[in-house]
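Data block below; observations after.
Coordinate-derived values only; no laboratory data. What you see is a predicted model, and the numbers here were worked out from it, not measured in a lab. Please note: Cβ atoms are built from the backbone with ideal geometry, for glycine as well, and neighbour counts cover all protein chains shown.
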Amino acid sequence: MILEVAILNVKLGRAEKFENDFQIASQYISSIDGYIKHSLKKCIEVDNQYILLVQWVSVEAHEVGFRQSPQYQKWKTLLHNYYDPFPQVLHYEEI
């Protein structure tokens, strides 16, 4: 299992709309082969900051299976305009 981690800084005044659009976008990521589960957490200390955690069976499931899919294009259209700056996405494995 691989854990994808992204810290999402959402533009001021757009948090509520982002949260609504994220709920819609969740259907796209969850339909991908190799997807296990995901969660979105809102930061208590930093306004408009979230952390996205996604479990995948492999890095390839995310980097190839999702990012090269039509579902990713829908995800991107719904969510990518909210971020400032654009998030760094990292992958972690169990030790």
Inset, instruction - Determine whether region 39-62 contains at least one residue that is touching a strand residue (DSSP E or B) at 6+ places or on another chain (Cβ under 7 Å), part of a loop (DSSP other than H, G, I, E, B) and among the charged types (D, E, K, R). - result: no
Inset, instruction - Mind counting the residues in region 43-75 that are within 14 Å of A25 (Cβ to Cβ) and in contact (Cβ under 8 Å) with a residue 12 or more places away in the chain? - result: 9
Legend entry - Subset of region 27-79 that is among the basic types (K, R) and surrounded by fewer than 13 Cβ atoms within 10 Å (Cβ to Cβ) - its residue that is nearest to L3 (Cα to Cα): K37
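Select, from Y72, Y82, the only residue that is over 19 Å from G13 (Cβ atoms) and of a type in the set (F, W, Y).
Numbers: Y82 fails: over 19 Å from G13 (Cβ atoms).
Selected residue: Y72, the only one of Y72, Y82 that is over 19 Å from G13 (Cβ atoms) and of a type in the set (F, W, Y).
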Inset, instruction - Quick one: count up the residues across region 80-95 that are surrounded by 11 or more Cβ atoms within 10 Å (Cβ to Cβ) and in contact (Cβ under 8 Å) with a residue 24 or more places away in the chain. - result: 7
